[in-house]
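A short write-up of the structure that comes next.
The values are calculated or read from the model by the stated rules, or taken from the named source; none is laboratory data. Not measured: the values here are computed from a predicted model. Don't worry about glycine lacking a Cβ; one is built from the backbone with ideal geometry, like all the others, and counts go over all protein chains shown.
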Amino acid sequence: MTHQRTLSFTLNGRPVTATARTHETILEVLQRDFGLFGARESCGQGLCGCCTLLVNGTAVSGCLYLAAFADGAELVTVEGLARGGTQHPIQCAFVEKSGFQCGFCTPGMILMTKELLGRHPRPTDEQIRHYLSGNLCRCATYPDIIESVRRAAELV
Amino acid sequence: MKAFELVEPATIDDAIALLDAGDPGVRAVAGGSALVPMMKARLFQPTRLVSLRRIGGALRGIHAGDGGLRIGALATLTELEHSTRVRDAAPVMSRALRTLSNVRIRNVATLGGHLAHGDPHMDLPPILLTLGARVRVAGRGGERWIDINDLFLGYYQTAVAAGELITEVHVSAQPHDARTWYEKFTALSADDWPTVGAAVWYRTAGDRIGEARVAVSAATERPVRIAAAEQILTGAAPSAETFGAAADAAAAAVDPLADIRGSAAYKREMVRVHVRRALEKAR
Amino acid sequence: MGSLDFARGREVGRSLGRLEAAAKVDGTVEYIHNLRLPGMLHGRIHRSSIPHGRIVRIDTSAALAVAGVHAVVTADDVARLVPDPYYGPAFHDQPILATGKVRHVGEPVAVVLADNPHAAEEAADLVAVEYEPLEAVFDEVAAAAPDAPVLHDELRPAGMFTDLKHLAGRRDTNVALDARLRSGDVEQAFAEAEHVFEHTFRTGKVMHAAFEPMVTVAEPHAAGGLTIHTASQSPSFVRSEISRLLGWPENRVRVRTAFLGGGFGAKLYIKLEAMAAVCALLARRPVRIALSMDEQFYTITKHGATVRIKTGVARDGRMTARQVETFWNGGAYADIGPRVTQKSGFSAAGPYDIEHVALDNYAVYTNEPPAGALRGFGISQLVWAYERQADVIARTLGIDPLEFRRRNALRNGRPHATGTVVVGMEVDAVLDRLAEAMAWDKPFDRGTGTIRRGRGIGIGVKACVSPTTSTAAVHIYGDGSCAVHCSTVDMGQGSDTTMAQIAAEVLGIPTTDVRVVHPDTDVTPYDMATLGSRSTFHMGNAVRRAAEDARAQIERMAPGATSFRDAMLARFAMQAGTVVGFGSYAPSYQKPDPETGLSANITPFWMLGGAGAEVEVDTETGRITVTKLVNVADVGRAINPASVERQLTGAAIMQLGFTLFEEMVFSDGQVLNASLADYKIPGFLDVPRELTGTFVEAPHPEGPFGAKGVGETGIFSPSPAIANALYDATGVMLYDMPLTPERVLRAIREAGGRPLEQA
Ligand SMILES: Cc1cc2nc3c(=O)[nH]c(=O)nc-3n(C[C@H](O)[C@H](O)[C@H](O)COP(=O)(O)OP(=O)(O)OC[C@H]3O[C@@H](n4cnc5c(N)ncnc54)[C@H](O)[C@@H]3O)c2cc1C
Ligand code: FES
Ligand code: FES
């Protein structure tokens, strides 16, 4: 049936399969089938970044990403960053610098930091702002988030 | 969103065959970054989406040659942003890409989708109008080229017909002395769609402007070249007066649409200011 | 040491990280947003497409035909369960689903219940409603006029909160409340004043846009009770109101919350809870209703306001009289608007010592979405007016703006306009800190050419809402570990950590050893709500008392024990038992006189916030760039200084958005920009290059360890500071917020005699 798909993809390092309807986004599948809520929908329009996940190593808005497109891809969510119970250095940096308040935007900020540091391991403030400018924080924790990213660059 | 049929053909021909349904509910989807928001807002409910993502080769890649840049329709905006070929051939594009939406969107959005969508607020169309470009289109009846000047017909309307696909975009080779600039003005938050986009291109011959191109977007129902401004520039000295006169002509020529980012009068004024600034900054 | 070490000073006053930090960075933190229950149905709301009209017919057949749809609930179904379906904290005016009539675009008319959200959404679009349109009114001043179309036939006061008991049942008017204050004789004073200044200021409607959109999951119990899992700032209120609607005792309704992904006042009182509860009881299955960001624009907003302000000033620059008339655009349902009207209204004299004051505040119904509390609770609308006017007065009289404020400062020991003698409010200290942070006495470069620079300040005051109650319990378990039970909701402000710090300070243990149990009305005791910056003061006091009670019990139980564990073992002879300390706090209060609005004790504490801004104005586009923004708050004492600073800078940026570009744009009651695509909020690139949140400390006699609230303080003054900086830079006066580039450019061009054409 063309309205429904069986998808095979890698999720946080594990090969998995799931069934999704064509009009479902990858967020719905992550939440329903895998109990992962780190990527979460807020604006629903690609603007805020709360729904960020990495697909084949690059950040996308999960709220606009059709689940079917995940077939064959490698997906990483914020839950997949820690290694053997140890937080990823970016997560440590966000804890150390308290780069959050309500925390709803935080996974997106962390994953975007990962993309940034992948391209610019020693980012300038300009580069930090450039990469993060499409992630919004309604608590406006921006100054502490920038501090967290700077710290993350030291730790990674 | 509502259920629809999703097909993922492996070739351009198959894609075209699947598209040609004479049904407005059938559309191609590339990055989905323009289409899915419309579907979520229930402005568009497809019956069938033809995904291009499994089509390889011909639709991908960024090539530079004597004739300019050849960019596959599926090249993502991120690929363009980081491409040294684009930076060398058209630095004005690289700069504009940095403020075009955000990293997540650029990671999936494609040049083909960007142009086919016909949204007057897009940042690259006015730039391509000034650089000179052609869009290669394939359909049941074969292939054709559309000059960029003929691509944008109206509000969300392009010359790409229902059953056709953009396969490639060809950006003209730029003469060494061409000066270019793009001014993006956002009226609300700094990071936003443009309220006005102003792209300029000119060359000088001696102490005069030899040839000039001016394009405006976002304020208008489609990205447009401004002939009146170009005429003023051509043959004139590249001075503050000339630039001011060209900017006035651009402001007089446009027919701005009012929206929550500004009234028609305000946008007209912003066209004036930003065309002038773009001319002053062109390099 | 031979006994428990209760030495003070190790936990309070430290910038500790959040207790829940790890869960927030690894994505596993609990929000109600994440909750899925077995057998759960998804509710989707069909909303009114018109601003005012009678419902003639609702046709649900097409919706019911969609595969996966279980039911379509309308007012008729609600009535079977709840014969009187109206709720609200001030008036019982808001129906669970539109009953007979709709009063704003976006009002819920029906709820589709389906197996999956997509089917629910598709079906909600297919509900067909026939309306008979009625004349609508949107402007708050027009709606208050006698000939305006009336929204509600009769107004029935809720009678729930002590401070709102005076609301009388009214008929044939859109004015839900007029709150007045009369102190001295303004007419006489204006006649005697050297100068009289009169202006009208306006602020538009803005929206909270909390990132976790509103969500409620209602779960009926086979035994006849109900659990409501909800992203709410007021679980105790939800329990009372749902029980009242259902006619049940409170003990059959359990309300629980988790961390909130932001609140800012949006998630107070009843939002989705009544609807979800009724749907779940009708369907006999759990029901989840989760709004999209876009739907929130039709659910609750901040009040737009028109403020007419008249101030008399003596030759020496001292303000002698002030008259303020404020019309609050409350939208179609009062929500907490009457309290905003009254509690904020009486503060319109500002942090100034003005002898003659007359204030009139009107809470007005209009056919726009309901307005309620938004961080600052009406204060920023008033500060916008009186602090803009302050600069006009200062400039006209040739007095430095800072000096003008110093000259008029309301000092401790002096009576406020309400008659309450002020204690614990440090106007001079805040102004001094502001002057220092802004280098006010240093020369300032005002720019040349098309970029002009300017700087400005503002200062605003709020009286904390009163009287309200908080209660808390501190549990010591058999192994000596400790948990705080309280119904304060951590929506990002960091209350869990603050409460843990307070308990830890009293108990002499590390904050990280304290667990804070999230609001669950079956478990955590009553709290009025998490709002109005009241929690640190009220709940902080309750937690402190509860911890003191627990400590005293332990000391009595096992004198000389060196740890809680030992104390418990000494008492129970094994790892067993619980010691429960209880604490409650409600400040004293004197109800204002209904005629004069005067009261000898109007508030437990005053919140004072000053702001300074430096701006660059592009005089060709009207775009303002705020290059420096400073917030200074009088916080009593900072329990967690880093958290306080973060609240202050966060509030500054939020208010910067409200000042420069956030505004809901309406056309015939329809929101034209109901999405973050068009309703822009500040992002990284909007943050001023220099941004500071700083505070002065003067321990409040009654605050826990001297602390006062701070969540809203940073909201009060950035707007006038920015507008005053614009005024300084360009000489241009703007009366309406936000200061969009178009408004600024129009004003500049107007002033330069080259007006921009209209339209
Ligand atoms: C939050 C957000 C912010 C944005 N901000 C900006 C901005 O500031 N400036 C800006 O310029 N843009 C902005 N965009 C728009 C972005 O540039 C477009 O979404 C994107 O370029 C579209 O590309 P796509 O591949 O995702 O298109 P899709 O969504 O896949 O398709 C768009 C349209 O093009 C058609 N189509 C796609 N590919 C082809 C093809 N090869 N041939 C024929 N038709 C095709 C589709 O049928 C559809 O009608 C923003 C988008 C979002 C979501
Ligand atoms: S929810 Fe996807 S970007 Fe906001
Ligand atoms: S921390 Fe609340 S949205 Fe960013």
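Quick check on my filter: what residues within segment C:664-695 are among the acidic types (Asp, Glu) and touching an Asp or Glu at 6+ places or on another chain (Cβ under 9 Å)?
Kept after step one, since they are among the acidic types (Asp, Glu), are these residues of segment C:664-695: C:668, C:678, C:686, C:690.
Selection gives C:Asp678, C:Asp686, C:Glu690.
Please count how many residues of segment C:493-522 are on the phi > 0 side of the Ramachandran plot and surrounded by fewer than 22 Cβ atoms within 10 Å (Cβ to Cβ). Before you say what the answer is, go through the steps one by one.
Step one: filter segment C:493-522 for residues on the phi > 0 side of the Ramachandran plot, giving C:494, C:508.
From what is left, the residues that are surrounded by fewer than 22 Cβ atoms within 10 Å (Cβ to Cβ) are C:508.
Here the count works out to 1.
Restricting the search to segment A:19-48, which residues are of a type in the set (D, E, K, R) and within 11 Å of ligand 2 (Cβ to nearest atom)? Let's see the steps before the verdict.
Looking only at segment A:19-48, we keep the residues that are of a type in the set (D, E, K, R), and these are A:21, A:24, A:28, A:32-33, A:40-41.
Scanning segment A:19-48 gives A:Arg40, A:Glu41.
Counting only residues that are of a type in the set (A, V, I, L, M) and free of Cβ contacts under 8 Å to residues at least 60 places away in the same chain, which one in segment C:81-117 is surrounded by the fewest Cβ atoms within 10 Å (Cβ to Cβ)? Reasoning before the result, please.
Going through segment C:81-117, the residues of a type in the set (A, V, I, L, M) turn out to be C:81-82, C:90, C:96-98, C:102, C:105, C:109-114.
Filter once more, so that each one left must be free of Cβ contacts under 8 Å to residues at least 60 places away in the same chain: C:98, C:102.
Working: C:Ala98: 24, C:Val102: 27.
Top of the filtered list is C:Ala98.
Can you confirm whether B:Ala199 is over 30 Å from B:Thr11 (Cβ atoms), buried (at least 22 other Cβ atoms within 10 Å of the Cβ) and modelled with pLDDT of 95 or more? Show your work before the answer.
On the way: over 30 Å from B:Thr11 (Cβ atoms): yes; buried (at least 22 other Cβ atoms within 10 Å of the Cβ): yes; modelled with pLDDT of 95 or more: yes.
So B:Ala199 passes the test.
Among the candidates C:Val632, C:Val626, single out the residue that is away from chain A (no Cβ under 11 Å), more than 24 Å from the chain's Cα centre (by Cα), surrounded by 24 or more Cβ atoms within 10 Å (Cβ to Cβ) and not hydroxyl-bearing (Ser, Thr, Tyr). First the steps, then the outcome.
On the way: C:Val632 fails: more than 24 Å from the chain's Cα centre (by Cα).
Only one candidate passes the filter, namely C:Val626.
All but one of (1) more than 14 Å from every other protein chain (Cβ to nearest Cβ); (2) closer than 28 Å to C:Thr603 by Cβ; (3) among the small types (Gly, Ala, Ser) hold for C:Ser495; which doesn't?
(1)
I want to confirm something. Restricting to segment B:108-131 and keeping residues that are within 13 Å of another protein chain (Cβ to nearest Cβ) and under 11 Å from the mean Cα position of the chain (by Cα), which single residue is surrounded by the most Cβ atoms within 10 Å (Cβ to Cβ)?
B:Gly113
Could you identify the single residue in B:Arg134, B:Arg179, B:Arg144 that is under 13 Å from the mean Cα position of the chain (by Cα) and farther than 29 Å from A:Leu47 by Cα? Steps first, answer last, please.
Values: B:Arg179 fails: under 13 Å from the mean Cα position of the chain (by Cα); B:Arg144 fails: under 13 Å from the mean Cα position of the chain (by Cα).
Answer to the check: B:Arg134.
Given the condition touching a His at 6+ places or on another chain (Cβ under 9 Å) and assigned to a loop (DSSP other than H, G, I, E, B), answer yes or no: does some residue in segment C:662-675 qualify?
Taking segment C:662-675 and keeping what is touching a His at 6+ places or on another chain (Cβ under 9 Å), we get C:669.
Among the residues that remain, those that are also assigned to a loop (DSSP other than H, G, I, E, B) are: C:669.
Yes, some residue in segment C:662-675 is touching a His at 6+ places or on another chain (Cβ under 9 Å) and assigned to a loop (DSSP other than H, G, I, E, B).
Does C:Val217 count as assigned to a strand (DSSP E or B) and buried (at least 23 other Cβ atoms within 10 Å of the Cβ)?
On the way: assigned to a strand (DSSP E or B): yes; buried (at least 23 other Cβ atoms within 10 Å of the Cβ): yes.
Against the criterion (assigned to a strand (DSSP E or B) and buried (at least 23 other Cβ atoms within 10 Å of the Cβ)), C:Val217 qualifies.
Being over 27 Å from B:His117 (Cα atoms) and either buried (at least 18 other Cβ atoms within 10 Å of the Cβ) or within 16 Å of ligand 2 (Cβ to nearest atom) (or both): is that true of B:Ile226 here?
Values: over 27 Å from B:His117 (Cα atoms): no; either buried (at least 18 other Cβ atoms within 10 Å of the Cβ) or within 16 Å of ligand 2 (Cβ to nearest atom) (or both): yes.
No; evaluated as a whole, the condition is false for this residue.
Can you tell me which residue is surrounded by the fewest Cβ atoms within 10 Å (Cβ to Cβ) among those in segment A:110-149 that are away from ligand 3 (no atom under 16 Å from the Cβ) and under 16 Å from C:Val25 (Cβ atoms)?
Looking at the filtered set, the residue picked out is A:Leu117.
Do you know which residues across segment B:228-238 are among the small types (Gly, Ala, Ser) and closer than 13 Å to B:Tyr202 by Cα? Break it down stepwise before answering.
In the first step, residues of segment B:228-238 are kept if they are among the small types (Gly, Ala, Ser); the result is B:228-229, B:235-237.
Of everything in segment B:228-238, those that are among the small types (Gly, Ala, Ser) and closer than 13 Å to B:Tyr202 by Cα turn out to be B:Ala229, B:Gly235, B:Ala236, B:Ala237.
Restricted to segment B:142-167, and to residues that are surrounded by 15 or more Cβ atoms within 10 Å (Cβ to Cβ) and over 26 Å from B:Arg213 (Cβ atoms), which residue is nearest to ligand 1 (Cβ to nearest atom)?
Only one residue tops the list, namely B:Leu165.
For segment B:75-107, how many residues are within 16 Å of A:Thr58 (Cα to Cα), within 13 Å of chain A (Cβ to nearest Cβ) and touching a residue at least 24 places away in the same chain (Cβ under 8 Å)?
The total comes to 10.
Does any residue in segment C:667-680 that is more than 8 Å from chain B (Cβ to nearest Cβ) come within less than 6 Å, Cβ to Cβ, of a residue that is polar (S, T, N, Q) six or more places away or on a different chain, and which pairs are these?
C:Gly669/C:Asn367; C:Tyr679/C:Asn673
With respect to C:Glu187, determine if the residue is among the acidic types (Asp, Glu), surrounded by fewer than 20 Cβ atoms within 10 Å (Cβ to Cβ) and part of a strand (DSSP E or B).
Values: among the acidic types (Asp, Glu): yes; surrounded by fewer than 20 Cβ atoms within 10 Å (Cβ to Cβ): yes; part of a strand (DSSP E or B): no.
Against the criterion (among the acidic types (Asp, Glu), surrounded by fewer than 20 Cβ atoms within 10 Å (Cβ to Cβ) and part of a strand (DSSP E or B)), C:Glu187 does not qualify.
Within segment C:561-599, which residues are closer than 26 Å to C:Met539 by Cβ, within 25 Å of the chain's Cα centre (by Cα) and among the aliphatic types (A, V, I, L, M)?
C:Ala586
Among the candidates B:Ala219, B:Ala278, B:Ala245, which residue alone is outside any strand (DSSP E or B) and more than 22 Å from B:Arg95 (Cα to Cα)?
On the way: B:Ala219 fails: more than 22 Å from B:Arg95 (Cα to Cα); B:Ala278 fails: more than 22 Å from B:Arg95 (Cα to Cα).
The unique qualifying residue is B:Ala245.
From the list C:Ala148, C:Ala136, C:Ala143, which one is among the hydrophobic types (A, V, I, L, M, F, W, C), away from every other protein chain (no Cβ under 14 Å) and touching a Ser or Thr at 6+ places or on another chain (Cβ under 7 Å)? Can you show your working first?
Numbers: C:Ala148 fails: touching a Ser or Thr at 6+ places or on another chain (Cβ under 7 Å); C:Ala136 fails: touching a Ser or Thr at 6+ places or on another chain (Cβ under 7 Å).
So the residue among C:Ala148, C:Ala136, C:Ala143 that is among the hydrophobic types (A, V, I, L, M, F, W, C), away from every other protein chain (no Cβ under 14 Å) and touching a Ser or Thr at 6+ places or on another chain (Cβ under 7 Å) is C:Ala143.
Being more than 15 Å from ligand 2 (Cβ to nearest atom), within 29 Å of C:Met491 (Cα to Cα) and surrounded by fewer than 24 Cβ atoms within 10 Å (Cβ to Cβ), is that true of even one residue in segment A:64-79?
Checked against the condition, which is being more than 15 Å from ligand 2 (Cβ to nearest atom), within 29 Å of C:Met491 (Cα to Cα) and surrounded by fewer than 24 Cβ atoms within 10 Å (Cβ to Cβ), segment A:64-79 yields at least one hit.
With the structure loaded, tell me whether C:Thr562 is among the β-branched types (Val, Ile, Thr) and either free of Cβ contacts under 8 Å to residues at least 60 places away in the same chain or over 17 Å from C:Val514 (Cα atoms) (or both) or whether it fails that test. Even if it seems obvious, please write down each step before you answer.
Values: among the β-branched types (Val, Ile, Thr): yes; either free of Cβ contacts under 8 Å to residues at least 60 places away in the same chain or over 17 Å from C:Val514 (Cα atoms) (or both): yes.
Yes.
Any residue in segment A:68-79 that's in contact (Cβ under 8 Å) with a residue 40 or more places away in the chain: show its pairings with residues that are assigned to a helix (DSSP H, G or I) at Cβ separation under 7 Å, as long as the two are six or more apart or on different chains.
Note: pairs meeting the criteria are A:Ala70/A:Ile26; A:Thr77/A:Leu30; A:Val78/A:Pro107; A:Val78/A:Ile110; A:Val78/A:Leu111; A:Val78/C:Asp26; A:Glu79/C:Asp26.
Need pairs with beta-carbon distance below 6 Å; first residue without any contact (Cβ under 8 Å) to a residue 12 or more places away in the chain and more than 7 Å from chain A (Cβ to nearest Cβ) and within segment C:10-36, second crowded, with 21+ Cβ neighbours inside 10 Å and of a type in the set (Val, Ile, Thr); sequence gap 6+ or separate chains.
What qualifies is C:Ala23/C:Val29.
Considering C:Arg339, C:Arg322, C:Arg285, which residue is surrounded by fewer than 24 Cβ atoms within 10 Å (Cβ to Cβ), of a type in the set (Lys, Arg) and outside the structural domain of C:Asn673 (by TED's automatic domain parsing)? Step through it out loud before you land on a result.
On the way: C:Arg339 fails: surrounded by fewer than 24 Cβ atoms within 10 Å (Cβ to Cβ); C:Arg322 fails: surrounded by fewer than 24 Cβ atoms within 10 Å (Cβ to Cβ).
It is C:Arg285.
Could you please let me know if B:Leu52 is in contact (Cβ under 8 Å) with a residue 60 or more places away in the chain and touching a helix residue (DSSP H, G or I) at 6+ places or on another chain (Cβ under 8 Å)? So that I can check it myself, show each step before the final result.
On the way: in contact (Cβ under 8 Å) with a residue 60 or more places away in the chain: yes; touching a helix residue (DSSP H, G or I) at 6+ places or on another chain (Cβ under 8 Å): yes.
Yes: the conditions hold for B:Leu52.
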